[in-house]
Structures are given as C-alpha cells and as structure tokens.
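Asker: Could you have a look at this structure, given as structure tokens, before my questions?
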Amino acid sequence: MRGKIIVHEVDIIAKKEKSYMIECKYHNEPGTSTSLHPALYTYARFLDLREKPDMPWLVTNTKCSQDAEDYARGVGLKITSWNFPKNKSLQKLISLKKLYPITILKTINDNTKEKLFQAKIVIAKDILNYPVKDLMEKTGLDEKEIHKILEEVKIVCR
C-alpha cells in the first residue's frame, strides 16, 4: 500500500465494523517470542499509510514480550498472540473454534503432512468435510492411512 513516504507491504486488510491493517508474524522455532520491534514497525507503517485503516493489528503465533504488549497498549495497537489478550489469545481462539492445524496430529508423518498441505488442507477438522475417496484422490494417501487420520481428528476435535 502506498504510504505518504514509501510503499509498504501489508499482510492483510480486514473490515468488520472497523478496518484493520494486520501484520502477521510467524515463528517456527520453539521458545521464540515476538519482541518490541514488530510492534514498532507495525505502528509506524500504520502511521505512514495514506488511506489509513481504522486500526493497526499485530498477530503472531508466539508470545509477545512485555515491552511489545506495553507499547501496543500505549499507542492503541491491537495484538493477538499465543497468550494475549487473556480471553482472546490465539491459543484460546484455536481451542474455542477447534481450528487445530494438521501439524498437531501425531498419526501423520512429514510426508503425509506435505500431501495434505498440497491438497490445501491445513486445519485438522477440514479433513472431516471430505469423503474418504475424495481424500484419497486429493492426497494420494491410501484408505487405511486416511481412516487412521480421521479417527485422530475426531478425537482431537470433539
């Protein structure tokens, strides 16, 4: 999006009552946290945009540092992280909506995960939307493996 000074890469623009400029920060290393820097540049990007959304928002799959949370509160930057805010954290939203990623399934190996990703299946409960034969065609997995996956998904998502 064009800013007053530079062009910015904006991950998501969302609208529901208000409009949001969303910065997504993904970490795949265990123990990693999102520091103050992403909060700073998310808010700076928001300030520079010519067509300003109503609110900036930082979403991350990790915990945020206390500095990041404090800064966000001070400037009005919305944050959704693994454990923040308390009642609407990523962890709570995933559990509430049962939006568990297929990566939590213990019955599948990396090769099977990749086949599911290639079939554009990333949320475990989405597997339940397909007949077994369709899953076999979409993924190339055999019927026995699909039944094993379906059983685990039913347990995880009950």
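Asker: Figure the gain on full extension for Leu96 and Asn109 (residue separation times 0.36 nm, minus the Cα-Cα span) and round it to one decimal in nm.
Answerer: Numbers: separation 13, 0.36 × 13 = 4.68 nm, distance 2.61 nm.
Taking Leu96 through Asn109 to full extension adds about 2.1 nm, to one decimal.
Asker: If you don't mind, another one. Only Lys, Arg, Asp and Glu count, each charged at its Cβ (+1, +1, -1, -1), so figure out the dipole size of the stretch 1-68 about its Cα centre, rounded to 20 debye. Please list the in-between numbers first.
Answerer: Details: 10 positive and 9 negative charges, 49 e Å.
Its charge dipole is roughly 240 debye.
Asker: Distance check, please: which entries in Lys97/Lys144; Lys63/Lys106; Lys115/Lys154 exceed 26 angstrom between their Cα atoms? Display every interim value, and only then the final one.
Answerer: Values: Lys97/Lys144 28 Å; Lys63/Lys106 24 Å; Lys115/Lys154 20 Å.
Those over the limit are Lys97/Lys144.
Asker: Per residue, how much accessible area does the stretch 1-139 have with a 1.4 Å probe, in Å²?
Answerer: Details: 8880 Å² over 139 residues.
Normalised by residue count, the accessible surface of the stretch 1-139 is 64 Å².
Asker: Could you please state how large a percent of the accessible area of the stretch 1-113 is carbon and sulfur, counting protein chains only and using a 1.4 Å probe?
Answerer: Solvent-exposed carbon and sulfur of the stretch 1-113 make up 54 percent of the total.
Asker: What length, rounded to one decimal in nm, is gained on full extension from Val156 through to Glu143, with 0.36 nm per residue of separation minus their alpha-carbon distance? Walk me through the intermediate numbers first.
Answerer: Values: separation 13, 0.36 × 13 = 4.68 nm, distance 2.00 nm.
Extra length available between Val156 and Glu143 comes to 2.7 nm.
Asker: On to the next question. Under a point-charge model restricted to the Cβ atoms of Lys and Arg (+1) and Asp and Glu (-1), what is the dipole moment magnitude of the chain relative to its Cα centre, in debye to the nearest 20? Intermediate values should be presented prior to the final figure.
Answerer: Working: 28 positive and 21 negative charges, 119 e Å.
With only Lys, Arg, Asp and Glu charged at Cβ, the dipole is about 580 debye.
Asker: Where does helix 36-48 land angle-wise versus the long Cα axis of the chain, in degrees 0 to 90, nearest 10?
Answerer: Rounded to the nearest ten degrees, it is 60.
The values are calculated or read from the model by the stated rules, or taken from the named source; none is laboratory data. Since we're looking at a predicted model, the values are computed, not measured. All Cβ positions, even for glycine, are placed from backbone atoms using ideal geometry, and neighbour counts span all protein chains on display. The accessibility values were calculated without ligands, DNA or RNA, using every heavy atom of the protein model including side chains. Shrake-Rupley method; radii C 1.70, N 1.55, O 1.52, S 1.80 Å.
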